[in-house]
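Structure first, commentary second.
The values are calculated or read from the model by the stated rules, or taken from the named source; none is laboratory data. Nothing here was measured: the structure is a model prediction, and the numbers come from that model. Using ideal geometry, Cβ is built from the backbone for each residue, glycine included, and neighbour counts are taken over all protein chains shown. When the accessible area is computed, the model is the full protein with side chains, heavy atoms only, and any ligands, DNA or RNA have been set aside. Shrake-Rupley method; radii C 1.70, N 1.55, O 1.52, S 1.80 Å.
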Amino acid sequence: QLGLWLQKTYEARLVVVGGPGEESLGEELEQVLGKSVINAIGQTTLRQTAALLKHCKLFVGNDAGPMHIAAAMGTPVIEISCHPMNGEPSHPNSPKRFGPWGVSHTILQPPKALSPCSNACEADQAHCILSISLERVQKAISKHLSQGQLHPKASKQKNP
């Protein structure tokens, strides 16, 4: 849904990165989003991934290696964190401990842990992170992209 919104609103091209074993995710995105997807999952070295992320306007994703690579390359970051705002700040998943730094960033966290979690999301599958709405992510993206002077296509002036 987010990819479709980015296509429609910003005419965005999307670069998806990931490691071996995640190729099916890239293939699914290609099927849904078509030619606007550059699927680099399992196809790039660490250096190549860094080069790709350096040329992106924005990185949107979870707390994983590609997020930190994007930040190191100077790409603004929107981190979608599983760690709840009321969670333990010293927990390994806490963005206060291991969030992006050195670049403009927004961290989206669940307001609170969902049962049975308490100080951190401890579920094996996506759990607390699912309480972050698509709308929150869209607002964060719009804010970042407007700061970078990239505006929705509906507001672009047409050349005469």
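Summary table below
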quantity: Spin-label pair SER115/VAL32, simplified geometry with 7 Å Cα→Cβ offset, distance in nm; calculated: 3.0 nm
quantity: Value of relative contact order over the stretch 28-118, rounded to a whole percent, pairs C-alpha under 8 Å and six or more apart; calculated: 22 percent
quantity: Burial ranking of peptide ranges 23-35, 87-99 (average Cβ count within 10 Å, highest at the top); calculated: 87-99, 23-35
quantity: Probe 1.4 Å, accessible area per residue of the chain, Å²; calculated: 63 Å²
quantity: Sorted peptide list for 73-84, 55-66, criterion being average Cβ within 10 angstrom, highest first; calculated: 73-84, 55-66
quantity: Per-selection Kirkwood Rh - the stretch 1-150 (Cα, Å, 1 d.p.); calculated: 16.1 Å
quantity: Prolate/oblate/rounded call for the stretch 1-87, Cα gyration tensor, a/c under 1.5 rounded; calculated: rounded
quantity: Assigned charges on the beta-carbon of Lys, Arg, Asp, Glu; the stretch 1-58 dipole about Cα centre (debye); calculated: 380 debye
quantity: Theoretical ellipticity at 222 nm over the chain - DSSP helices of four or more residues, -39500 (n - 2.57) apiece, nearest 500; calculated: -10000 deg cm²/dmol
quantity: Of all accessible heavy-atom area on the stretch 40-134, the percent that carbon and sulfur account for (1.4 Å); calculated: 55 percent
quantity: When each of LYS54/LYS112; LYS35/LYS139; LYS8/LYS96; LYS96/LYS139 is checked by Cα-Cα distance, pairs over 28 Å; calculated: LYS54/LYS112; LYS8/LYS96
